[in-house]
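The values are calculated or read from the model by the stated rules, or taken from the named source; none is laboratory data. Just so it is clear, the structure is predicted and the values come from calculations on it, not from any experiment. Cβ atoms come from the backbone with ideal geometry, glycine included; neighbour counts cover every protein chain shown. For accessibility, only protein heavy atoms count, side chains too; no ligands or nucleic acids. Shrake-Rupley method; radii C 1.70, N 1.55, O 1.52, S 1.80 Å.
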Amino acid sequence: MSSPKKVLLSIPPYYGIDISIARAFEKNGIDPVLARCRYQPYFWERTIRLLSNKMPPLKRLIQPLLKIPLVLENGEFIKAAERSKPDFIFIVKGDTLFPQTIRHLKGKYHTPCLSYQWDDPLYSSAGQNGIDVYRRKNFEYGMHDYDHVFVFDKYHVAEIKKRGVDASYLPLATDEDVYRPIDLSDEERDEYGFDICFVGMPNDNRVEALNRLNGFNVGVFGDFWERYLLKMPVRYFRGKANGRRVIKIYRGSKIALNIHHPQSVHGLNTRAFDIPSCGAFQIMDYKEGVEELFDTDQEIVCYHGLEELNDLVRFYLSHPEIRSRIAEKGRQRVGQEHTWHHRIAKVMSFIYELR
């Protein structure tokens, strides 16, 4: 059987990771075809979800409307497969694709189909309730139809394996072409010269940690922080950030703080790799197994509780030479082992074995 040459991708366009993964397939000698995949719901979808939660008697009447765009999008994905005739299919998350869509493509084209789960795949963790019933169950009901499931967190790998599904651990990564050291102007160093920065969306554990950092120059950037402003005694929210501005924030700040979402039981988020890839110094909440990916205290620094976080912040703010050394070692480790090119190379190894 000939070697695979083309992959059809379904990846949510989450801050450009879809482009990064597609580029990683190219670097591994595979022609990627990115199918349309929505990340954000339409305004009317959010309205229906809100009304369903606030007015339960309406739920059975209006929730079926949420299935309509998914039916259309599944039809578009099938057409994309018909046009591209891929050698295999790689689906990230997959909450918009019906199990019958996967079965149809595999049956018609005899095409291997792989899944990569970069969130809690079963929506079992706190803060995962904003999804509607149609998206919530697509992967859970269809997981047995995939030839293999890669998962970013060993905890969730075990949960999937309990259901008789072939699954393995594949950590998240960074795009070294995007997250790289850049020089800042004097004006940019003034603008982003925080003691501590955090870039990401809010949740309760992040707000709790950030509220403990009184007395430091803290800059917080991201979407939806307006909802938490009343819970923040220190007004450290500085606005939204994406693209090159994120890199400037990491490069300008003395410490880039990384606080995981509750869905990350053991798995690391992309920030764990993005921050050192920029040559920035990271302090991260400890996750079991992080030692398999980084040499802690040499390439990144981890805290085990909020009191320790404050102690570590004070120590590293007063030792810039140690910060610089750790940041450089972290950058080297990420470049050698933790880019999307490395992760997709592992995916391709599995595909070659499968064929």
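Numbers for the structure displayed
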read-out	value
Loop chymotrypsin sites (Phe, Trp or Tyr not before Pro), region 258-288 (other Cβ atoms within 10 Å of the site Cβ: 16 or fewer; DSSP)	Tyr286
Sequence of Tyr228, Tyr141, Tyr116 from largest to smallest accessible area, 1.4 Å probe	Tyr141, Tyr228, Tyr116
Segment Arg245-Leu61, extension gain: residue separation times 0.36 nm, minus the distance between their alpha carbons	61.9 nm
Area of Val165 that stays accessible when all protein chains are in place (1.4 Å probe, Å², to 10)	10 Å²
Estimated FRET transfer efficiency (His144, Ser318; beta-carbon r; R0 45 Å; 0.05)	0.25
The chain: relative contact order in percent, alpha carbon pairs under 8 Å with at least 6 residues between	15 percent
Heavy atoms of Trp340 accessible to a 1.4 Å probe, total area in Å² rounded to 10	10 Å²
In region 1-91, lysine pairs with alpha-carbon atoms under 22 angstrom apart (chain gap of 8 or more, or interchain)	10
Per residue, in Å², the accessible surface of the chain once ligands and nucleic acids are set aside, probe 1.4 Å	46 Å²
Rounded to 10°, Cα long-axis angle of helix 320-337 versus longest principal axis of the chain	20 degrees
Contact order relative to length of region 203-282, as percent, for alpha carbon pairs under 8 angstrom and 6 or more apart	29 percent
At most 16 other Cβ within 10 Å, DSSP loop - trypsin sites (Lys or Arg not before Pro), region 1-44	Lys5, Arg36, Arg38
Loop-located GluC sites (Glu not before Pro) in region 260-355, at most 14 other Cβ atoms within 10 Å (DSSP)	Glu288
Label corresponding to semi-axes √(5λ) of the Cα gyration tensor in Å when calculated from the structure given, among (i) 32, 26, 17; (ii) 32, 22, 20; (iii) 36, 26, 18	(iii)
Additional length obtainable on full extension of the chain from Arg38 to Gln298, 0.36 nm per residue less Cα span	89.7 nm
Accessible surface of the chain [probe 1.4 Å, protein heavy atoms]: carbon and sulfur percent	52 percent
Where labels lie 7 Å past Cα in the beta-carbon direction, separation of Glu188 and Tyr352 in nm	3.9 nm
Lys/Arg +1, Asp/Glu -1 at C-beta; the chain dipole; positive extreme among Leu184, Asn211, Phe194	Asn211
